[in-house]
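The values are calculated or read from the model by the stated rules, or taken from the named source; none is laboratory data. Since the model is a prediction, treat every value here as computed from it, not as a measurement. Here Cβ is always computed from backbone atoms with ideal geometry, including for glycine, and neighbour counts include all displayed protein chains.
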Amino acid sequence: MKMKTLSTVLLSTCFFVASAQNSTSKHGQEIVANGGFKQTPISNATYVIGRSAAAFPDFTVAAENTVNAVVHVKTKIQPKSFGNGNLQNDPFFDFFFGPGNGTPRQIEPQMASGSGVIISTDGYIVTNNHVVSESDNIQVVLNDKRTFTATVVGSDPNTDIALLKIDAKELPTVVFGNSDDLKIGEWVLAVGNPFNLTSTVTAGIVSAKARNINIIASDLRIEAFIQTDAAINPGNSGGALVNTKGELVGINTAIASQTGSYAGYGFAVPVSIVSKVVADIKQFGTVQRAMMGVKIRDIDDDFAKEKKIKMLEGVYVDEVTDRSAAMEAGIKVGDVITKINEIAVKSASELQEQVGRHRPGDKISVTYLREDKEKTVTVMLRNRQGDTGLIKNKGIEALGASFEEVSDELKQKLHISGGVQIVGLQKSSLLSQAGVQKGLVILKINNKPVRKVSDVESVVNANNSAGEQDRALFISGIYPNGKVAYYAIDPNREGDKANQ
């Protein structure tokens, strides 16, 4: 899977060659070639790089504790076909090959790959949403070379995190660490499968925290990336970023590059966000997105002068939504938010990260400045609809139907390459209320090809991701008599309760 790249900035790296000779540090210690230290007078030396193994941390334990729990995620993306799949009667086919001339050419599926991290012994795996979002088939290869078919339990495009499940037991796992404790300059390891090179480990340091690079295409995105100079390349997406203890601190997601390959810096979703997203998906089937109801912006020197703000740290409130949690708490346009739950927020991305850890109905403490006076209020967070309720995603069960893969006989009759047929339909289900009838062969949902029952489940789950609960499902299909049909399914409808 192609790693997400940020191509607007060119970054470079420097290589330092260690000297084999003894050198003297500014602090009066001589680093000798055999790894020892001895006290010497302070000199004017500016820096020292020696050969001593003691000058660097030991990464072997962290690597050993991680590589077996990082998997290779291989995906298959089926090419789109014309019309109902009958290429022999398609005008484009006729134009290139002549009317009825021969058998339609089979277009090979596209193959891609990324990485994933096993987080439970019974087969839950976290990866990036962009690794699996367009996939028709997902294969997970363990470090011991065993291969499993994975299903998408749920995904969150707003954080680029997805949760997979394989049918396995007693798997090795990575222990969750605390990304809040990471310090700039701290050593970290990136573990993944770049360029299909399995179980690759690279080392670097934390270069920055809460980095916003505007790479997630969503109005409700949360970007508070850990920036690192550990080498990350295409195929590392979804892999582990761990500290020297081997604890998971982030999921590798993007690189800054103009070539698509490593050029100095990579970015990882902090585990503080990952753990919340995973917990929501497992418990509710969808991410519970909490919102304050404010539009915010960072404060730079020019903006501070324009608004006569005496500080550059904090987040400026540009707009307060009507009937929002922020308005109810008394927050106004022009306030500068400085803390969330007594944790300093110096940028919009830091504020989004702190709020993003909570669910609707949670109460948080918000500290802000107004006319140079500090105030602290309690804010009860709300969901996108403006209330404090939690959203329960019933997934494919909410459609009120049973499905089977279309038979080979029906494929041949309808001239289709695949699909999922509705073989059972509840009387007052969402599908039946939209006019869908038993026997429909579903070919696409939301313009994504459907060939297996798991495809239906994956699309429905993705449609119910955070911020997408009110989005309709658009189904296209064909009945056994050859009639093509299109339907729009409203997921907000009550289903079985609608006729009561």
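Scanning the range 157-166 for any residue that is in contact with a strand residue (DSSP E or B) (Cβ under 9 Å, 6 or more places away or on another chain) and more than 22 Å from THR121 (Cβ to Cβ) turns up at least one such residue. Taken as a whole, the condition of being farther than 30 Å from GLY419 by Cα, within 20 Å of the chain's Cα centre (by Cα) and outside the structural domain of ASN461 (by TED's automatic domain parsing) does not apply to GLN139. Hey, does the range 253-267 have a residue that's of a type in the set (Val, Ile, Thr), in contact with a helix residue (DSSP H, G or I) (Cβ under 7 Å, 6 or more places away or on another chain) and modelled with pLDDT of 90 or more? No, because not a single residue in the range 253-267 is of a type in the set (Val, Ile, Thr), in contact with a helix residue (DSSP H, G or I) (Cβ under 7 Å, 6 or more places away or on another chain) and modelled with pLDDT of 90 or more. Put simply, of ALA168, ALA203 the only residue that is out of contact with any Asp or Glu (no Cβ under 7 Å at 6 or more places or on another chain), small (Gly, Ala, Ser) and under 16 Å from ASN65 (Cα atoms) is ALA203. Annotation note: of LYS346, LYS308, the sole residue that is over 30 Å from the mean Cα position of the chain (by Cα) and either surrounded by fewer than 22 Cβ atoms within 10 Å (Cβ to Cβ) or small (Gly, Ala, Ser) (or both) is LYS308.
Would you check which residues across the range 240-255 are surrounded by fewer than 24 Cβ atoms within 10 Å (Cβ to Cβ), among the polar types (S, T, N, Q) and out of contact with any Gly (no Cβ under 6 Å at 6 or more places or on another chain) and list them? Selection gives THR244 alone.
Taken residue by residue, the range 346-365 has at least one member that is more than 17 Å from ALA210 (Cα to Cα) and either among the polar types (S, T, N, Q) or in a helix (DSSP H, G or I) (or both).
Here LYS448, LYS392, LYS413 are screened, and the one residue that is modelled with pLDDT under 90 and loosely packed, with under 14 Cβ neighbours inside 10 Å is LYS392. Among the residues making up the range 274-289, those that are crowded, with 23+ Cβ neighbours inside 10 Å and touching a Lys or Arg at 6+ places or on another chain (Cβ under 7 Å) are GLN288, ARG289.
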